[in-house]
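The values are calculated or read from the model by the stated rules, or taken from the named source; none is laboratory data. Remember, it's a predicted structure, so these values are computed and weren't measured experimentally. Note that each Cβ is placed from the backbone with ideal geometry, even for glycine, and that neighbours are counted across all protein chains shown. Each accessible area value is taken on the protein alone, full model and side chains, heavy atoms only, with ligands, DNA and RNA left out. Shrake-Rupley method; radii C 1.70, N 1.55, O 1.52, S 1.80 Å.
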Amino acid sequence: KVYQIQNKPLSRPLSATGLQQLLEAYIAVWMAGDDIVSVLGNNKELAQVFPHWDQLLKFVAGQISALDFERQKRPQSAPRWGGNFFQRRYSFEDAHSVVGGITSSFASFWESECRAMKQKLVTLDRKRTGRVPLSKFYGKSITDAEWRFGESESYLRELGALDETSWLGKQVIIPNYIQGASNCIVTASHYSICCINECEPIMAEIEAAVVQPMADVEELLSLVGNMTALTTLEDEVDVQLDQFMVDQLRGIAKEHGGKVPIHGRLFAQWLHYVFPRDCAFPHKSGSAQSLSPTQFGDGYLASDDEMEAHAKDTRAEIPLATMKREELQWMSQWSEDEELFASYDHLSRSSPGGSRTFVALGFGLFMVAVLIGVVSFNRSKATHQFLPVNDGKIHCV
């Protein structure tokens with residue numbers, strides 16, 4: 001397709017410059033769709049659409065260098081074209097190979113941006129609640145001229161990234177926002193490249209230790225209590241399980257015959273409050289949707305007036321500066337509603353409580369349901385048409 005856009009015959013070998021131009025066009029169309037075609041080749045315009053376009057160009061150049069290195073190791077496999085032997089030429093198969101490298105490694109390349117985004121929010125989370133006042137969220141966008149942090153209040157609510165239960169006012173839930181659909185950088189018909197779910201390694205460690213769908217309270221307390229919460233290499237703290245968190249876990253077990261179903265909403269909620277910056281708050285089914293900005297519509301961005309109005313709200317500043325975390329009633333979003341996302345048929349027959357919902361989906365779908373939550377390439381309304389179309393299927397690579 002990009003060959004056609006650039007009027008390059010598939011059979012004609014490309015120079016190094018030609019391959020670079022082709023791949024730059026490919027990555028732009030891959031990320032933003034056909035609407036970007038009109039500005040291909042205009043790096044100034046593209047830099048306005050894509051964050052860190054200069055780094056993307058270096059990423060593409062690096063993939064070409066990787067191909068050249070493989071050729072040097074196996075010179076017999078390099079294509080033989082007429083002309084100067086030392087003049088590099090690239091076939092369609094070479095371009096296809098580089099594209100494969102781009103798509104398979106792009107998630108790890110972009111994850112650095114996800115980490116930087118999270119770190120900016122973490123600096124605003126003074127009490128380690130995993131939440132940032134909406135006023136600070138928008139204030140960061142205004143004062144730092146950020147292209148991030150511009151989603152509207154209604155869009156944040158739709159994503160499940162907004163906590164509206166606190167007396168401190170509305171707050172953005174860090175992991176729900178980071179893992180939200182607005183922060184998926186690429187959206188194709190069958191997959192999306194989003195920020196890594198940092199709760200998955202935690203859950204994987206629990207699953208490996210428990211080796212069954214139900215776990216004893218004491219086993220979980222010992223296991224989780226020996227973990228650490230790692231935001232950055234310089235910010236690693238031991239998990240602190242106070243009596244309230246212990247009682248909450250025991251309460252979950254009591255509702256399920258003495259053991260904790262580890263693939264349930266209540267346990268995911270408990271993990272969220274143990275690791276509030278890493279594990280997303282698990283909303284009840286149907287209460288939030290993973291809509292891309294394009295699917296949500298024109299109102300996905302907050303206006304300058306809206307952001308400035310929220311940024312002036314200072315009600316949370318003094319409490320956050322002077323009160324302890326427990327005094328802030330920071331777990332106000334806790335809900336007793338259970339949903340089981342694996343086969344727990346024996347529990348549905350033996351456990352009381354009409355408020356529990358039993359859904360046989362499996363853990364893979366559970367993690368997607370827990371997250372509710374494509375980086376918009378530019379926070380200005382002038383370029384929102386370049387955002388990718390999302391069919392609602394999110395795959396965090």
Task: Residue-wise HN-Hα coupling along the range 32-49, computed from phi with Karplus coefficients 6.51, -1.76, 1.60 (Hz; x: Gly, Pro) - done: 10, x, 5, 5, 7, 4, 5, 10, 4, x, 9, 5, 5, 5, 5, 5, 6, 8
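Decide, for the range 258-319, between rounded, prolate and oblate: order the square roots of the alpha carbon gyration tensor eigenvalues as a ≥ b ≥ c, take rounded if a/c falls under 1.5, and otherwise choose prolate if a/b is larger than b/c, else oblate.
Working: a/c = 3.89, a/b = 1.54, b/c = 2.53.
It comes out oblate by the Cα gyration axes.
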Open item on the list: Using a Cα-Cα cut-off of under 17 Å, which aspartates and glutamates could be cross-linked to Lys8, ignoring same-chain neighbours fewer than 8 residues away?
Closed with: Glu24, Glu93, Asp94
Open item on the list: At 7 Å along Cα-to-Cβ for each site, give me the label-to-label distance between Lys44 and Tyr3 in nm.
Closed with: 3.3
Open item on the list: Using the basic label-point model (7 angstrom from Cα toward the beta carbon), what is the Ser303 to Arg74 distance in nanometres?
Closed with: 5.9
Open item on the list: Below 14 Å, Cα to Cα, which aspartates and glutamates can Lys284 reach? Residues fewer than 8 away in the same chain don't count.
Closed with: Glu158, Asp163, Glu336, Asp337, Glu338, Glu339
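Which sequence of Thr294, Thr129 reflects their accessible areas, 1.4 Å probe, from the largest down? The partial results should precede the final answer.
Details: Thr294 65, Thr129 10 Å².
The residues order as Thr294, Thr129, largest area first.
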Task: Square roots of 5 times each gyration tensor eigenvalue, C-alpha, the range 110-261, largest first, Å - done: 31, 19, 16
Open item on the list: Modelling each spin label as a point 7 Å along the Cα-to-Cβ direction, I'd like the Ala204/Gln119 distance in nm, to one decimal.
Closed with: 2.3
- [ ] Would you kindly find the accessible area of Ser166, with a 1.4 Å probe and non-protein molecules such as ligands, DNA and RNA excluded, rounding to the nearest 10 Å²?
- [x] 20
Task: Distance violations [Cα-Cα > 24 Å] among Lys127/Lys312; Lys44/Lys136; Lys170/Lys324; Lys120/Lys312 - done: Lys44/Lys136
